[in-house]
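Novice: Dumping the structure here so I can ask a few things about it.
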Amino acid sequence: EELEIIRKMGAILYPGVQKGLLQLSERYRLFIVSNCQQPYLDTFFHYSGLKNLFKDTECHGNTRRPKGENIRSVVERNGLQKPIYVGDTAGDQEAAVFAGVPYFHVNYGFGVNAKPCMQFDTFTDLVIHFLEPWQNK
């Protein structure tokens, strides 16, 4: 029912997300690891038009494995040397720790972080943080 509503009405991204992902994709390879089912990712890509920005995706709906294992799989199959995981829940943080990947928290999402880590109040703040080292070169 929820997915059908999203398909009919669309969805609104958080402020700065679409522009920020475009900017980040010019400097970094982007990936998605989610606890959702594949139809949710497909719907996100349909409405956002951002599918081509992501090099790989994985979700619980495809693997039936915990998020931490899915993060590890994406890291391994893409040969990532310095991955990070951006999330908005304590579960995201736990999954990143399980996978051995540094975690960055966005405060505007669904939950809170369990342990101290780098946090961002807006997606624009996150983008500035990761692009700043490149702006003066």
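Novice: Is there any pair with a first residue in the range 24-36 that is without any contact (Cβ under 8 Å) to a residue 60 or more places away in the chain and a second that is hydroxyl-bearing (S, T, Y) whose Cβ atoms are under 6 Å apart and which are 6 or more apart or on different chains, and what are they?
Specialist: Listed by first residue and then by second, the contacts come to I32/T57.
Novice: Considering only residues that are over 18 Å from G87 (Cβ atoms) and either small (G, A, S) or not in a helix (DSSP H, G or I) (or both), which ones fall in the range 51-75?
Specialist: Answer for the range 51-75, where residues must be over 18 Å from G87 (Cβ atoms) and either small (G, A, S) or not in a helix (DSSP H, G or I) (or both): K55, R64.
Novice: Of the numbered conditions (1) free of Cβ contacts under 8 Å to residues at least 12 places away in the same chain; (2) assigned to a helix (DSSP H, G or I), A95 satisfies every one except a single condition; which is it?
Specialist: It fails just one condition, (1).
Novice: Here are some conditions: (1) among the acidic types (D, E); (2) at pLDDT 95 or above; (3) over 18 Å from P15 (Cα atoms). D125 meets all but one. Which one does it not meet?
Specialist: Going through the list (1) among the acidic types (D, E); (2) at pLDDT 95 or above; (3) over 18 Å from P15 (Cα atoms), D125 breaks only (3).
Novice: Exactly one condition in (1) in a helix (DSSP H, G or I); (2) within 14 Å of the chain's Cα centre (by Cα); (3) over 20 Å from Y28 (Cβ atoms) is not met by Y108; state its number.
Specialist: So Y108 meets the others, but not (1).
Novice: Just one of the numbered conditions (1) farther than 18 Å from N78 by Cα; (2) surrounded by fewer than 15 Cβ atoms within 10 Å (Cβ to Cβ) is not true of N52; which one?
Specialist: Result: N52 fails condition (1) only.
Novice: Regarding F31, is this residue out of contact with any strand residue (DSSP E or B) (no Cβ under 7 Å at 6 or more places or on another chain) and hydrophobic (A, V, I, L, M, F, W, C)?
Specialist: no
Novice: Something else: Confirm whether P83 is in contact with a helix residue (DSSP H, G or I) (Cβ under 8 Å, 6 or more places away or on another chain), of a type outside the set (D, E) and more than 21 Å from C36 (Cβ to Cβ).
Specialist: Judged against the criteria, P83 is not a match.
Every residue, every condition in (1) small (G, A, S); (2) modelled with pLDDT of 90 or more; (3) within 12 Å of the chain's Cα centre (by Cα); (4) farther than 25 Å from A99 by Cβ, yes or no:
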{"site": "E1", "(1), (2), (3), (4)": "no, no, no, yes"}
{"site": "G10", "(1), (2), (3), (4)": "yes, no, no, yes"}
{"site": "L22", "(1), (2), (3), (4)": "no, yes, no, yes"}
{"site": "E26", "(1), (2), (3), (4)": "no, yes, no, yes"}
{"site": "V33", "(1), (2), (3), (4)": "no, yes, yes, no"}
{"site": "E58", "(1), (2), (3), (4)": "no, yes, yes, no"}
{"site": "R64", "(1), (2), (3), (4)": "no, yes, no, no"}
{"site": "N70", "(1), (2), (3), (4)": "no, yes, no, no"}
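Novice: Could you pull out the residue among P15, P83 that is in a loop (DSSP other than H, G, I, E, B), of a type outside the set (S, T, Y) and in contact with a Ser or Thr (Cβ under 8 Å, 6 or more places away or on another chain)?
Specialist: None of the other options fit; the residue is P15.
The values are calculated or read from the model by the stated rules, or taken from the named source; none is laboratory data. Given the structure is predicted, the values throughout are model-derived calculations rather than measurements. Methodologically, a virtual Cβ is constructed for each residue, glycine included, from the backbone with ideal geometry; neighbour enumeration extends over all protein chains shown.
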